[in-house]
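Notes to accompany the following structure.
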Amino acid sequence: MAQVSFHLDDVVQLKKPHACGSNQWRVIRMGMDIRVKCEACGHSVLIPRPRFERLVRKVLHPGSSVAAEMNSSSTDS
């Protein structure tokens, strides 16, 4: 299975929805543990990195820092 690459401030879709019904989460902290915040209700959860990597389905919206890097590298060429 291909590993999904994620960065700070990305909005990701997880395999199971939150209790509020949403499955969109924003990555707000990265390290050995990943802190994500529910986009619908604002609840944040700290998940160990190996478990988080298994739970991520896809990146729905890249974070602002990644988008800025992509724009700057495309204008350099």
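Quick note: the coordinates plus some simple rules give every number you see, no bench work behind them. A quick note: this is a predicted structure, and the numbers were derived from the prediction, not measured.
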Subtracting the Cα-Cα distance of residue 5 and residue 28 from 0.36 nm times their residue separation yields 6.8 nm
For residue 14, other-chain or 5+-apart residues with amide H closer than 5 Å (H placed, Pro excluded) are 25, 57
